[in-house]
Amino acid sequence: MHKMRAAVLILFLASSLAFGGCLMRQRTGKDGKGPEISMDNSEISVSIHADEAELLSGVTAYDAKDGDVTDSLAVEHISNFIEKRAAENQHRCL
């Protein structure tokens, strides 16, 4: 019975160490910083019927870990007109 307790204790300690190691590896491997999104111009002029390609023209995204992620950009939302002939859009990196 004493050998059984020792074996269970050793198995528990080994499992705990393995679990702790996996947690540390997972936490240190995460990239907590998003990509840097930049535009050629601060304003763009497009038709109200512009598609996503026109809206993203001149927009680039670079991430320190993943490199160039421009292809993953998508237009998430286009707001109602703020003033005559002006609209605001937001970009999201997937």
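Taking (1) under 30 Å from Ser79 (Cα atoms); (2) in a helix (DSSP H, G or I) in turn, His49 satisfies each apart from (2). Selection of segment 27-59 for residues being exposed (fewer than 10 other Cβ atoms within 10 Å of the Cβ) and among the small types (Gly, Ala, Ser) yields Gly29, Gly32, Ser42, Ser45, Ser47, Ala53.
Bear in mind these aren't lab numbers, they're just calculated from the coordinates by the rules spelled out. Everything numeric here is computed off the predicted structure, so don't read it as measured data. Ideal geometry is used to build each Cβ from the backbone, glycine not excepted, and the neighbour counts take in all protein chains shown.
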